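Engineer: Sharing a structure, written as structure tokens. Questions coming.
The values are calculated or read from the model by the stated rules, or taken from the named source; none is laboratory data. These numbers were taken from a predicted model, which means no experiment stands behind them. Here Cβ is always computed from backbone atoms with ideal geometry, including for glycine, and neighbour counts include all displayed protein chains.
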Amino acid sequence: MASTETITGTMPTSEAESEGYGVLLYYQYVDVPDDVAAADWMRRICEEQGLLGRVRVSKQGFNVTVAGSTTALHKHISSLSHHPSGWFAQTDFKLEPCDWPPEPRIARECKVDSLSVRVVKELVTLCPVDLSLTGDHLSPAEFHRCMVEGRRGENQGEDWRGARNKGRGLRKISGRRGGPVPRGMVVLDTRNVYETRIGRFVPPEGVAFIDPCIRQFSDLPAWVDRHEEELKNKTVLMYCTGGVRCESATAYLRSKGPGFQDVVQLSGGIVRYLEAFPDGGFFRGKNFVFDHRLAVPPAAPQQATIGACCLCEKPFDDYSGRKRCVACRMLLLVCPSCSEPQQPFDDYSGRNLCVACRMLLLLVCPSCSETQVRLVYGRMLMYVCVLLSKAV
């Protein structure tokens with residue numbers, strides 16, 4: 001059973017004010033005999049440096065996102081890199097600068113106002129997978145070159161015209177229409193749909209892009225099972241934010257057997273790719289992150305906005321409003337001009353609008369099924385019953 005301990009605190013500012021703050025992301029798959037003891041150790045060293053954020057420990061390894069002064073974060077990296085266990089000798093530590101302090105509401109929701117250390121069964125929630133099947137890692141330069149060439153190394157087969165766009169929840173952006181293209185290659189985004197809505201890879205012509213449009217990572221196996229034909233006998237290039245989700249995702253796809261072996265992943269994820277390609281390369285929009293920064297654009301600003309308001313459909317990619325689907329609580333993009341009328345939905349308080357109006361203006365994300373929509377109306381009906389009982 002998972003154990004949880006959350007420590008709320010204020011980040012030390014004495015030395016940080018002069019040299020800045022940062023966010024550190026890293027993960028490491030490694031055998032951890034005593035995960036509880038390892039979690040206590042991680043909690044202790046994070047507290048010593050005044051770090052805030054999320055630490056997940058399992059017998060599989062570690063998955064960490066913490067914020068602090070850059071000096072403290074460098075000390076943290078050094079202490080892990082030189083630990084006698086050797087657990088972190090090969091870890092890719094991703095340290096990026098950030099503004100501090102964050103807006104309190106955002107900090108609370110993103111869990112960077114405290115230190116949360118948990119013992120979990122899986123570093124990322126997917127399904128039981130054999131991690132020995134994890135796909136090969138490609139550096140950002142190799143990943144980029146694969147898209148340019150439309151093939152991996154010298155592995156080139158029959159021409160193809162891309163996978164057909166079939167099945168609900170599948171968005172495919174392909175290259176040129178018609179005509180032969182290199183051996184079937186697919187760039188597969190393993191992230192959640194609210195992440196892909198504000199930024200994603202747009203490969204060159206001849207290379208397909210697939211967004212499964214999943215609400216959460218644990219939905220990916222079911223999507224893969226339904227869309228095997230789109231991926232079979234293709235070179236599949238997977239990517240995520242920092243790499244940890246692709247470790248499991250590539251292993252799951254490769255476990256399908258023959259026809260699913262040419263599966264690779266972007267080493268270091270979008271984070272490392274944008275470092276290697278400051279202009280964004282083939283990535284368009286912003287990289288969604290699970291800390292108070294919310295999203296990180298390429299160093300060289302891009303003109304186009306990938307996201308759009310879910311109500312008026314005007315270009316918009318800012319999640320700071322924290323609008324959510326009332327059925328599944330998934331983040332929604334709602335622009336300022338559309339957000340004010342929706343305010344009453346945030347907590348079912350009924351302020352400013354009657355129940356009937358709230359039902360008419362109900363925010364439901366496109367990913368919600370009919371069952372979820374019925375659940376929302378069931379909740380609203382229950383709310384009406386409560387109001388009536390109080391009026392009697």
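Engineer: Anything in region 70-120 that is under 15 Å from GLY22 (Cα atoms), among the β-branched types (Val, Ile, Thr) and at pLDDT 95 or above? List them, or say none.
Structural biologist: THR70, THR71, ILE77
Engineer: On to the next question. Would you call GLY307 crowded, with 23+ Cβ neighbours inside 10 Å and either under 13 Å from the mean Cα position of the chain (by Cα) or closer than 30 Å to SER339 by Cα (or both)?
Structural biologist: No: the conditions fail for GLY307.
Engineer: Mind listing whichever residues of region 253-268 are over 20 Å from ALA208 (Cβ atoms) and under 18 Å from the mean Cα position of the chain (by Cα)?
Structural biologist: If the condition is that a residue be over 20 Å from ALA208 (Cβ atoms) and under 18 Å from the mean Cα position of the chain (by Cα), then SER267, GLY268 are the ones that fit.
Engineer: If ARG43 satisfies every condition in (1) buried (at least 20 other Cβ atoms within 10 Å of the Cβ); (2) closer than 18 Å to LYS111 by Cβ; (3) out of contact with any Lys or Arg (no Cβ under 6 Å at 6 or more places or on another chain) but one, which is the exception?
Structural biologist: (1)
Engineer: Then there's this: Which number in (1) out of contact with any strand residue (DSSP E or B) (no Cβ under 7 Å at 6 or more places or on another chain); (2) surrounded by fewer than 22 Cβ atoms within 10 Å (Cβ to Cβ); (3) of a type outside the set (Val, Ile, Thr) marks the one condition that ARG254 misses?
Structural biologist: The one condition ARG254 does not meet is (1).
Engineer: What residue, among those in region 302-332 that are among the basic types (Lys, Arg) and in a loop (DSSP other than H, G, I, E, B), is modelled with the lowest pLDDT?
Structural biologist: Checking each candidate, the answer is ARG329.
Engineer: Out of GLY53, GLY68, I need the residue that is in contact with a Leu (Cβ under 6 Å, 6 or more places away or on another chain) and either surrounded by 22 or more Cβ atoms within 10 Å (Cβ to Cβ) or touching a residue at least 60 places away in the same chain (Cβ under 8 Å) (or both). Which one?
Structural biologist: GLY68
Engineer: Now a separate question. Pull out all pairs, ordered by first then second residue, where Cβ-Cβ is under 7 Å, the residues are six or more apart or on different chains, the first lies in region 125-147 and is modelled with pLDDT of 95 or more, and the second is of a type in the set (Lys, Arg) and loosely packed, with under 14 Cβ neighbours inside 10 Å.
Structural biologist: none
Engineer: Please determine whether any residue of region 25-43 is of a type in the set (Ser, Thr, Tyr), touching a Phe, Trp or Tyr at 6+ places or on another chain (Cβ under 8 Å) and either within 24 Å of PRO278 (Cα to Cα) or outside the structural domain of HIS137 (by TED's automatic domain parsing) (or both).
Structural biologist: yes
Engineer: For region 224-251, which positions are of a type outside the set (Lys, Arg) and surrounded by fewer than 18 Cβ atoms within 10 Å (Cβ to Cβ)?
Structural biologist: ASP225, GLU228, GLU229, ASN233
Engineer: For the structure I just gave you, tell me whether GLU313 is among the acidic types (Asp, Glu) and assigned by TED's automatic domain parsing to the domain that holds ASP219.
Structural biologist: no
Engineer: Which number in (1) aliphatic (A, V, I, L, M); (2) under 23 Å from CYS325 (Cα atoms); (3) out of contact with any Asp or Glu (no Cβ under 8 Å at 6 or more places or on another chain) marks the one condition that VAL193 misses?
Structural biologist: Tallying (1) aliphatic (A, V, I, L, M); (2) under 23 Å from CYS325 (Cα atoms); (3) out of contact with any Asp or Glu (no Cβ under 8 Å at 6 or more places or on another chain), VAL193 fails exactly one: (3).
Engineer: Report yes if some residue within region 333-345 is closer than 30 Å to HIS144 by Cα and either modelled with pLDDT of 85 or more or not in a strand (DSSP E or B) (or both); otherwise report no.
Structural biologist: Yes, region 333-345 contains at least one residue that is closer than 30 Å to HIS144 by Cα and either modelled with pLDDT of 85 or more or not in a strand (DSSP E or B) (or both).
Engineer: Can you find even one residue in region 86-97 that is assigned to a helix (DSSP H, G or I) and buried (at least 16 other Cβ atoms within 10 Å of the Cβ)?
Structural biologist: no
Engineer: May I pose another question? Specify which of the listed residues (VAL129, VAL117, VAL124, VAL112) is over 18 Å from the mean Cα position of the chain (by Cα), surrounded by 18 or more Cβ atoms within 10 Å (Cβ to Cβ) and assigned to a loop (DSSP other than H, G, I, E, B).
Structural biologist: Testing whether each residue is over 18 Å from the mean Cα position of the chain (by Cα), surrounded by 18 or more Cβ atoms within 10 Å (Cβ to Cβ) and assigned to a loop (DSSP other than H, G, I, E, B) leaves just VAL129.
Engineer: Name the pairs: first residue in region 283-306 and within 12 Å of THR241 (Cα to Cα), second residue basic (Lys, Arg), Cβ to Cβ under 6 Å, at least 6 apart or on different chains?
Structural biologist: Note: pairs meeting the criteria are ALA295/LYS286.
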